[in-house]
Amino acid sequence: MKDIKHYINGQYVGSASGRLFDNVNPANGKVISKVHEAGREEVDAAVKAARAALRGPWGKMTLEQRTAILHKVADGINARFDEFLEAECLDTGKPKSLASHIDIPRGAANFKVFADMIKNVPTESFEMPTPDGTGALNYAVRRPKGVIGVISPWNLPLLLMTWKVGPALACGNTVVVKPSEETPTTTALLGEVMKEAGVPDGVYNVVHGFGGDSAGAYLTEHPQVDGFTFTGETGTGEVIMKAAAKGIRDISLELGGKNAGLVFADCDMEKAIEGTMRSAFANCGQVCLGTERVYVERSIFDEFVGRLKEAAEGLKIGPPDDADANLGPLVSLKHREKVLSYYQKAVDDGATVVTGGGVPDMPAELAGGAWVEPTIWTGLPDDSAVVTDEIFGPCCHIRPFDTEEEAIELANSLPYGLASAIWSENITRAHRVAGQIEAGIIWVNSWFLRDLRTPFGGSKQSGVGREGGVHSLEFYTEMKNICVKL
Ligand SMILES: NC(=O)C1=CN([C@@H]2O[C@H](COP(=O)(O)OP(=O)(O)OC[C@H]3O[C@@H](n4cnc5c(N)ncnc54)[C@H](O)[C@@H]3O)[C@@H](O)[C@H]2O)C=CC1
Ligand SMILES: O=C(O)/C=C/C=C(\O)C(=O)O
């Protein structure tokens, strides 16, 4: 069986401890590979390699040279598209039809977009008077922040990891990546592509392992890492924030959400159903931007619930290779336990189960997988944990509202503020409501339309900072002002 090693200083290396953990295919529960678990020793070697590489050829390259290499990384991913696709789908169980449209192309685009962007971002300059009348000129330059610790999740493994590594490298930093223990393969494979593309040794490093008391914590506790970028649960974000406080290191955190969709009676019903379907069920509901709370204006509530039920029941559950399948398994049996605990809680709290609520019957060869039914509830009280907690499964609760003010209040009622979707053909209303929703990302009559130049991140407990476009460059560089007396 294949074993997945760390990638440190341009070499694949195993752990000194010899500790390995299982990488499981969530579609059938079978072990697909063994993964080396990093101890402090491997994390330290990776950080030291990254620090040394800052002073090596990478740190001396011109912007042109560096960004040309990043284009080659993108081309390298595309050249091995099928290999990345296979690996991502085995680790996550997601449909190939989804990963081939989103995960892998975005993995490549994240390098090209930021390589091109950094070449086109101007810096600042201010002339100032001086008492002797000669004046002075201030100009600002960007310098890489240094060694960046990248801690990435399992729901969109290649996409979310490269969303951080692409701009970090474009800005001239070096990285140590700790991918999720659930999905290590594409991050490991990217090491080969980096090597082939000519990325100098030590620039891209990968250490595998778990979070607390393992590679994740060792990385965040390492004093020679200059900043951390993380996507995952809000509680983990708090732990990472505390670790980064020691040594006053910078952080960029994209955290959990419990996003609201607001459906007004003046919406285009077809569009609202199609968009809400995707936002609740795509990637088996494992998207931080997904809609788990749907608020629908009372006059169209019954029709909306009926049509969303019909659409959810039309989803085809199946493994990655099934070309007709549009709903894969959850990432693990452990995560299914969490999701099913909320399915049970919904019943305990008095929900009407409109559809789903359990585990589907699967053929024998898939019976060990983390399958779960797409589920819709109505009738829950606003303070039920099912309505307030991020479940991260293929499910949503639908509740009626009577006025625009009530809809806004409901949307803003939780400590999360990541994303929201508004469905209305009255564009004046859509602007008005969008302006009042407390969230970092608002979609109007759409969901998950992504322009990589836009600010991306959450407000309230959904994150700290923004990435995307120039905002990524802000995080991955230090600005330095140079004041020249003329
Ligand atoms: N994109 C998102 O917003 C995601 C949200 N989640 C949410 O989090 C819940 C739990 O899933 P997990 O995989 O446990 O999420 P998590 O937030 O614990 O894991 C994400 C990453 O952080 C690492 N990590 C965990 N604890 C750490 C620590 N103390 N120090 C450093 N790194 C650490 C993990 O190893 C993984 O690489 C899910 O049920 C879901 O609600 C999970 C993954 C992605
Ligand atoms: O950058 C994107 O397009 C997607 C982001 C999705 C997440 O951050 C998530 O699901 O965690």
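The values are calculated or read from the model by the stated rules, or taken from the named source; none is laboratory data. Keep in mind that this is a model prediction, so the values were computed, not measured. Glycine also receives a Cβ, built like all others from the backbone with ideal geometry; neighbour counts cover every protein chain displayed. These accessible areas exclude ligands, DNA and RNA; they are computed on the full protein's heavy atoms, side chains included. Shrake-Rupley method; radii C 1.70, N 1.55, O 1.52, S 1.80 Å.
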(request) Out of Pro200, Pro179, report the one residue that is within 16 Å of ligand 2 (Cβ to nearest atom), assigned by the TED database to the domain that holds Ala53, within 26 Å of Leu85 (Cα to Cα) and touching a helix residue (DSSP H, G or I) at 6+ places or on another chain (Cβ under 8 Å). (result) Pro179
(request) Being open to solvent by less than 40 Å² (accessible area, probe 1.4 Å) and assigned to a loop (DSSP other than H, G, I, E, B) is the filter here, so list the residues in the stretch 266-321 that pass it. (result) Cys267, Gln286, Val287, Cys288, Leu289, Gly290, Leu315, Gly318, Pro319, Pro320
(message) Show me the strands (runs of 3 or more DSSP E) found entirely inside the stretch 377-469 where at least 3 residues are more than 29 Å from Ala109 (Cα to Cα) and modelled with pLDDT of 95 or more.
(response) 395-401
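From Asp22, Asp3, which residue is acidic (Asp, Glu), within 14 Å of Thr185 (Cβ to Cβ) and touching a residue at least 24 places away in the same chain (Cβ under 8 Å)?
Details: Asp22 fails: touching a residue at least 24 places away in the same chain (Cβ under 8 Å).
None of the others qualify; the one that does is Asp3.
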(message) Exactly one condition in (1) among the acidic types (Asp, Glu); (2) more than 14 Å from the chain's Cα centre (by Cα); (3) within 16 Å of ligand 2 (Cβ to nearest atom) is false for Glu425; which is it?
(response) (3)
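For the condition within 16 Å of ligand 2 (Cβ to nearest atom), out of contact with any helix residue (DSSP H, G or I) (no Cβ under 9 Å at 6 or more places or on another chain) and of a type in the set (D, E, K, R), what is the one hit in Glu233, Glu292, Glu238, Glu254? First the steps, then the outcome.
On the way: Glu292 fails: out of contact with any helix residue (DSSP H, G or I) (no Cβ under 9 Å at 6 or more places or on another chain); Glu238 fails: within 16 Å of ligand 2 (Cβ to nearest atom); Glu254 fails: out of contact with any helix residue (DSSP H, G or I) (no Cβ under 9 Å at 6 or more places or on another chain).
Of the residues listed, the single one that is within 16 Å of ligand 2 (Cβ to nearest atom), out of contact with any helix residue (DSSP H, G or I) (no Cβ under 9 Å at 6 or more places or on another chain) and of a type in the set (D, E, K, R) is Glu233.
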(message) Can you tell me which of (1) within 16 Å of ligand 2 (Cβ to nearest atom); (2) in the same structural domain as Leu159 (by the TED database); (3) in contact with a Lys or Arg (Cβ under 8 Å, 6 or more places away or on another chain) is the one Gly328 doesn't meet?
(response) (2)
(message) Can you find a residue that is part of a helix (DSSP H, G or I) and assigned by the TED database to the domain that holds Ala197 anywhere in the stretch 32-41?
(response) yes
(request) Pull up the stretch 337-354, narrow it to residues that are in contact (Cβ under 8 Å) with a residue 40 or more places away in the chain and open to solvent by 30 Å² or more (accessible area, probe 1.4 Å), then point me to the one that is farthest from the chain's Cα centre (by Cα). (result) Lys345
(request) Output the number of the condition that Lys316 fails; it satisfies all remaining conditions of (1) closer than 27 Å to Glu88 by Cα; (2) within 16 Å of ligand 1 (Cβ to nearest atom). (result) (2)
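Yes/no matrix, rows are residues, columns are (1) free of Cβ contacts under 8 Å to residues at least 60 places away in the same chain; (2) assigned by the TED database to the domain that holds Val287; (3) among the aliphatic types (A, V, I, L, M); (4) closer than 30 Å to Tyr218 by Cα:
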residue	(1), (2), (3), (4)
Ala79	yes, no, yes, no
Asp91	no, no, no, yes
Ser100	yes, no, no, no
Leu137	no, no, yes, no
Gly149	no, no, no, yes
Leu159	yes, no, yes, yes
(message) Just to check your reading of the model, which residue among Gly357, Gly393 is in the same structural domain as Gln286 (by the TED database), open to solvent by less than 30 Å² (accessible area, probe 1.4 Å) and touching a strand residue (DSSP E or B) at 6+ places or on another chain (Cβ under 8 Å)?
(response) Gly393
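Considering only the stretch 212-267, state which residues are of a type in the set (Lys, Arg) and without any contact (Cβ under 8 Å) to a residue 40 or more places away in the chain. Even if it seems obvious, please write down each step before you answer.
Taking the stretch 212-267 first, the residues of a type in the set (Lys, Arg) are 242, 246, 249, 258.
Correct list: Lys242, Lys246, Arg249.
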(request) Return the residue satisfying two criteria in turn: it lies in the stretch 1-51 and is more than 24 Å from the chain's Cα centre (by Cα) and among the acidic types (Asp, Glu), and of such residues it is surrounded by the most Cβ atoms within 10 Å (Cβ to Cβ). (result) Glu42
(message) Quick check on the stretch 467-486: of everything there that is open to solvent by less than 20 Å² (accessible area, probe 1.4 Å) and among the hydrophobic types (A, V, I, L, M, F, W, C), which residue is farthest from Arg249 (Cα to Cα)?
(response) Leu473
(message) Checking the structure you have, find out if any residue of the stretch 156-177 is under 19 Å from the mean Cα position of the chain (by Cα), of a type in the set (Ser, Thr, Tyr) and either open to solvent by less than 20 Å² (accessible area, probe 1.4 Å) or away from ligand 1 (no atom under 16 Å from the Cβ) (or both).
(response) yes
